[in-house]
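Presented below is the structure to which this report refers.
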Amino acid sequence: MTNSLKYCNRFYVPFIPLLFIVLFSPAAHADGGAPQLAYVAGAAQGIGVIDIAQRRTTRTIAVAGNPHSILLSPDGYALYVTQPTLGRVAVIATKTEKTLCTASLPGQPSLLALSLDATVLYAAGPGDTSVRALDPTTCVLQRTFETREPVYGLAVAASTAANATPSTPNQLWITGTTSLTIFEVNGHLLGSVPIAGGPKDICIPGGFTAYVTTRQGTAVAVNLNTRQVIQTLLRGGQFGPMDYDAPTGEIYVPDRQHNQLDVLAPVMADPTSSPEPVRILHLSSSPQSVAITSDGQLGFVALSNGQVLMLDVPGRSIVTSIAVGGNPHFIITGLYPPASSPASPPQQTTTSPSSANPIDHFLLIASAALAGVLLLGTLWFLWRYYLKRLAQQRSNGKRL
């Protein structure tokens, strides 16, 4: 996984907290069943819940106000939902469907982003020029970021400055009418990036590049460090919220105008890739949103006709179509499905090192390293104890 919590349409579990949970807790479970579920905003009667293993919609969370963007807490316990027509953001328990708290906000809030440590929820909408930072457990307002332009997209990223340290504040990237506005999350304004055509959706997988679509039908790459547009990637489409494949770095862009999913190669700081999709998946209806699971094995595309397509990402094929009804706006998945999940296509039931989740690799290496340190420490103490006892025996022998 990357150093970005966004998602873009899934959540990120920070490495260090997760390591301590795995090593020092008897068990860790997502209370909402997030490892096996996908959530679809705009499904019939609210938010549709797809059981990935069963490949079908198993329930609907009734949410008023035309729910738009949705996010999950890292433990899968809470679902964060925008309700634009009610001017509200709600936090809902995924298991009980109980509303935990709400915040009334101006501007028809339809956008969300979560801080990298999951302690701050950012919300905004195109009807207002500010982004609000909320406490995700209480919905209490913590801070307001004024952009002076209507807000069309949000993303959070770690600082890429050469002198950045672990204490350097993360950054909030906001798309407006004419430009990107960048704040440190403590409120300090860092600058702006003019975007021709009017920026809209933004996706920051990590590394050094942000991917931005525009209202005039282009997609561009922006260098996070220099804050400059470095490449135009797509032209002539109407693009929806993006997501990325963590193992490969590829970016998935729904093209609503041409009923297709464009897949882009990752753009480095000095781009050398061709500004063309590496492949295109043609669809039967207009794609509204896409989500790729964290292990890069499965993808989900919400279509305007009330269907969700399940993709075999490595196999580059459609596995099945799942009916959710309504007019889907946005889709998000929880933690990656288990490798043995029936949701995985038969040829993908085993995971090779090249396609395994980077978090799994990290945890395996970290666990082995910690076990090695503990073993060496134990041996060292035993050796010191042995030398001490040997010295005592020799001293007693001399006295005799």
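Data overview
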| item | result |
| --- | --- |
| Leu114 vs. criteria out of contact with any helix residue (DSSP H, G or I) (no Cβ under 9 Å at 6 or more places or on another chain) and either farther than 22 Å from Gly240 by Cβ or touching a residue at least 40 places away in the same chain (Cβ under 8 Å) (or both) | yes |
| Any hit, segment 52-75, residues being among the charged types (D, E, K, R), open to solvent by less than 40 Å² (accessible area, probe 1.4 Å) and at negative phi | no |
| Yes/no for Thr82 being open to solvent by 10 Å² or more (accessible area, probe 1.4 Å), hydroxyl-bearing (Ser, Thr, Tyr) and at pLDDT 95 or above | no |
| Meets criteria (touching a strand residue (DSSP E or B) at 6+ places or on another chain (Cβ under 7 Å), modelled with pLDDT of 95 or more and more than 17 Å from Gly334 (Cβ to Cβ)) for Val91 | no |
| Odd one out for Thr119 among (1) open to solvent by less than 40 Å² (accessible area, probe 1.4 Å); (2) within 28 Å of Phe208 (Cβ to Cβ); (3) at pLDDT 95 or above; (4) polar (S, T, N, Q) | (1) |
| Some residue of segment 263-277 being under 19 Å from Gln238 (Cβ atoms), in contact with a strand residue (DSSP E or B) (Cβ under 9 Å, 6 or more places away or on another chain) and open to solvent by 50 Å² or more (accessible area, probe 1.4 Å) | yes |
| Members of segment 173-188 found to be out of contact with any Lys or Arg (no Cβ under 7 Å at 6 or more places or on another chain) and either part of a loop (DSSP other than H, G, I, E, B) or modelled with pLDDT under 95 (or both), listed by number | Gly176, Thr177, Thr178, Val185, Asn186, His188 |
| Residue that is farthest from Ala155 (Cα to Cα) [pool: residues in segment 173-222 that are open to solvent by 10 Å² or more (accessible area, probe 1.4 Å) and of a type in the set (S, T, N, Q)] | Gln216 |
| Enumeration of residues in segment 195-239 that are within 20 Å of Ser115 (Cα to Cα) and either more than 22 Å from the chain's Cα centre (by Cα) or in contact (Cβ under 8 Å) with a residue 60 or more places away in the chain (or both) | Cys203, Ile204, Pro205, Gly206, Gly207, Phe208, Thr209, Leu224, Asn225 |
| Among (1) in contact (Cβ under 8 Å) with a residue 12 or more places away in the chain; (2) open to solvent by 20 Å² or more (accessible area, probe 1.4 Å), the one test that Thr165 misses | (1) |
| Test for Val151: is it crowded, with 19+ Cβ neighbours inside 10 Å, touching a residue at least 60 places away in the same chain (Cβ under 8 Å) and not acidic (Asp, Glu) | no |
| Which listed residue, of Val89, Val81, Val151, is under 29 Å from Gln216 (Cα atoms) and assigned to a loop (DSSP other than H, G, I, E, B) | Val151 |
| Test for Ser321: is it modelled with pLDDT of 95 or more and either closer than 21 Å to Met242 by Cβ or more than 18 Å from the chain's Cα centre (by Cα) (or both) | yes |
| Candidates Met268, Met242, filtered to the one that is in contact (Cβ under 8 Å) with a residue 24 or more places away in the chain and closer than 18 Å to Ala113 by Cβ | Met242 |
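The values are calculated or read from the model by the stated rules, or taken from the named source; none is laboratory data. Quick caveat, the model's predicted, so the values are computed rather than measured. Positions of Cβ are backbone-derived with ideal geometry, glycine not excepted, and every protein chain shown enters the neighbour counts. Ligands, DNA and RNA are excluded from the accessible area calculation, which covers all protein heavy atoms including side chains. Shrake-Rupley method; radii C 1.70, N 1.55, O 1.52, S 1.80 Å.
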